[in-house]
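Working notes, beginning with the structure itself.
Every read-out reported here was derived from the displayed coordinates using simple, explicitly stated rules and does not represent laboratory data. Since the model is a prediction, treat every value here as computed from it, not as a measurement. As a convention, Cβ positions derive from the backbone with ideal geometry for all residues, glycine included, and neighbour counts pool all protein chains shown.
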Amino acid sequence: MNASSIKPFRVGAEWRHASDETQILTSINPADGSVAGRVTRATPADVDAAVAVAWEAFHHQPWRHLRPDQRATTLYEIGRRLTAERESLARLQMIDSGKPWKECLHMVDAAAGHFRYYAAVCETWQNEVTSPRGEYFSMALAEPFGVVACITPWNSPIMNEAQKVAPALAAGNAVLVKPSEETPQLALELARICGEAGLPEGLVTALPGLGEDVGAALVRHPGVRMVSFTGGTETGRAIGAIAGQRLIPVGLELGGKSPHIVFDDADIERAVAGVASGIFGSAGQSCVAGSRLFVQRSIYKRFMDQLVTFTRELRVGLPDDANVQMGPLVSQGHRDKVAGYVDLARAEGGTVLIGGDRPRDARLERGSFYLPTIIDGLTNQARACREEIFGPVLVALPFDDEADVIAQGNDTPFGLAAGMWTGDYARAWRVGRALEAGSIWINTYKQSHIATPFGGFKDSGIGREKGLHGLRLYSQVKSMYFGMHAQPMGL
């Protein structure tokens, strides 16, 4: 074992190094199957130590007692350092996750923007003065929980980690980050950058490890006062059950099976590009992917013909090619799972209009690539329409009118996002209000902004990240009353 090539993680002032092969997580580059990196794997014992260090930092470092503008200074500096290391962080994310180069650059930019935004929120946050109902002055204050655990997925590592860490720190907490075992390297870099930016030791700790031991240990630990999780619905349900027993709050951003609707008065050319981007961007590995396409029956064939033609021109290839539009899936195991859903759709009576296989390109043979795939001929009750595939697979269905598409769009356990294309904004308002989803896009798709709340309805989660709601997620409310009575009360 070459110890120098295995990245350690840090708990307080102590570096934790792997002592043997069983203590190593290996990240595989999805583009070619090579080793992207090896990191020391945390254990439940490391979780105990990290929670103790985090509580020590929370209680004895000045962070939570600093004026908001003082905390903001450090958050701005973290954002500046992320930008300064933009290319090296993007390259690490590219080999860790397989995302195309341009997308990786965008995600580092977004991560830096998250810290800048919550620095600004720190500087402008106003506690609430409440209306009195007697001889007193009253107010509601936002207070930190103490130690919060942030468990992140593999599809957008640096961005998802910043989306949690920045508001949790802004609220005054100490933060423990458990990245996905598929993409463990970016969280270590974020923790390093936080320390170099002047964040007191112990306030951010990255714990790379397996969900069943490190993730579970964090959720169950009595020293963890709040849990934020992004990932699959079943895992979120298990975390929610534990949190319910412990009576601690959770933020859960979970799965989706988002309807993407095209009405007959839409700008067809723009809608075709928007639908393709909504499902094939990030190789479909996005919780908000528009994976169920509903096209009004009167234009169904014309639209589908144009969409298939557009899809045929998409450039699938190695992520370091600047012209590539879709890279590999995160692993060969995940690619096989996606392919299995396509086989299931065929068995259920679906017709594959394009894709449905690996690319026939010798340069891509060692990677976990899968072609952008469009299927029709299914009903909304087919498993390919009910279950989250999390890959570049689009199922298309015709619809008749607003009532029909609202009923079909809402006929799902999920409710994360939805989109529509129409020239009638009164219709967009009616349908948008009727759809059960946390984000609705009209004549656009997958737009995201750190200042706008994000989260889901139904099985797609609990709570809201981003915006002012993101800071509230990592805060608990304390009410304070100042008596102004001339006489003792109640006598």
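Only the Cβ atoms of Lys and Arg (+1) and of Asp and Glu (-1) were treated as charged; on that basis the dipole of the range 259-442 about its Cα centre amounts to roughly 360 debye. 3J(HN,Hα) along the range 91-105: 5, 5, 5, 4, 7, 6, 10, x, 6, x, 3, 4, 5, 5, 4 Hz, from the Karplus curve 6.51 cos²θ - 1.76 cosθ + 1.60 with θ = phi - 60°, whole Hz, x for Gly and Pro.
Taking label positions 7 Å along the Cα-Cβ direction at both HIS60 and ALA486, the computed distance is 5.1 nm, reported to one decimal. Checking every one of the trypsin sites (Lys or Arg not before Pro) in the range 331-381 against DSSP loop status and a limit of 10 other Cβ atoms within 10 Å picks out ARG360. Among the chymotrypsin sites (Phe, Trp or Tyr not before Pro) in the range 274-309, none is located in a DSSP loop while being surrounded by at most 14 other Cβ atoms within 10 Å of its own Cβ. Farthest towards the positive end of the charge dipole of the chain, among the residues GLN476, PRO8, GLY367, is the Cα of GLN476, using unit charges on the Cβ of Lys, Arg, Asp and Glu. For the pair the range 104-137 / the range 10-31, the C-alpha centres are spaced 35 Å from each other. The charge dipole of the chain, taken about the Cα centre with unit charges on the Cβ atoms of Lys, Arg (+1) and Asp, Glu (-1), comes to about 480 debye, rounded to the nearest 20.
Taking every C-alpha pair closer than 8 Å and separated by at least 6 residues, the mean separation divided by the residue count of the chain gives a relative contact order of 18 percent. In this simple spin-label model, placing a label point 7 Å from the Cα along the Cα-to-Cβ direction at both ALA273 and GLU348 gives a separation of 3.2 nm. With just the Cα atoms defining each centre, how far is the range 228-258 from the range 46-66? Give it in Å. The range 228-258 and the range 46-66 have Cα centres spaced 24 Å from each other. Give me the lysines in straight-line cross-link reach of LYS478: C-alpha distance below 30 Å, same-chain residues under 8 apart excluded. Once the sequence-local lysines are set aside, what remains near LYS478 is LYS164, LYS178, LYS458, LYS466. When the alpha carbon gyration tensor of the range 1-113 is reduced to an equivalent ellipsoid, its three semi-axes come out at 29, 25, 10 angstrom, largest first. Across the chain, the convex hull enclosing all Cα atoms gives 166 Å³ per residue.
Can you tell me the FRET efficiency between LEU247 and LYS478 if r is taken as the Cβ-Cβ distance and R0 is 22 Å, rounded to the nearest 0.05? Efficiency for this residue pair is about 0.80. 3J(HN,Hα) along the range 115-127, derived from phi through the Karplus expression 6.51 cos²θ - 1.76 cosθ + 1.60 where θ = phi - 60°, amounts to 5, 5, 4, 6, 5, 5, 4, 4, 6, 10, 4, 10, 5 Hz, with x in place of Gly and Pro. Modelled spin-label separation between TYR425 and THR73, with each label point placed 7 Å from Cα along the Cα-to-Cβ direction: 4.5 nm. The calculated P(r) of the range 108-230, using every Cα pair and 10 Å bins from 0, goes 13, 41, 29, 11, 5, 1 in percent.
Counting helices only, and only those DSSP H runs with n ≥ 4, report the 222 nm mean residue ellipticity of the chain as the sum of -39,500 (n - 2.57) divided by its residues, in deg cm²/dmol to the nearest 500. It would help to have the intermediate numbers written out before the result.
Working: 15 runs with 187 residues, N = 491.
Value at 222 nm, helices only, nearest 500: -12000 deg cm²/dmol.
Each 10 Å bin from 0 upward holds the following percent of the Cα-Cα pairs of the range 314-382: 20, 47, 26, 6. Residues whose amide H falls under 5 Å from that of GLY37, counting only those 5 or more places apart or on a different chain, are SER27, with hydrogens built in the peptide plane. Distance from the C-alpha centroid of the range 146-214 to that of the range 386-442: 33 Å, rounded to the whole angstrom.
With Cα atoms as the point set, the range 259-442 shows a radius of gyration and Dmax of 15.8, 50 Å. Of the beta bridges in the chain, as assigned by DSSP with both residues counted there, near 40 percent are antiparallel. For the range 86-142, the list of GluC sites (Glu not before Pro) that fall in a loop by DSSP and count at most 15 other C-beta atoms within 10 angstrom reads GLU135.
Rounded to the nearest 0.05, what FRET efficiency is calculated for LEU141 and SER298 with R0 set to 51 Å and r the Cβ-Cβ distance? With R0 = 51 Å, the Cβ-Cβ based efficiency is 0.35. Applying the Karplus relation 6.51 cos²θ - 1.76 cosθ + 1.60 with θ = phi - 60° to the range 408-422 yields 3J(HN,Hα) values of 5, x, 7, 7, 7, x, 8, x, 8, 8, 7, x, 8, 10, 7 Hz, where x marks Gly and Pro.
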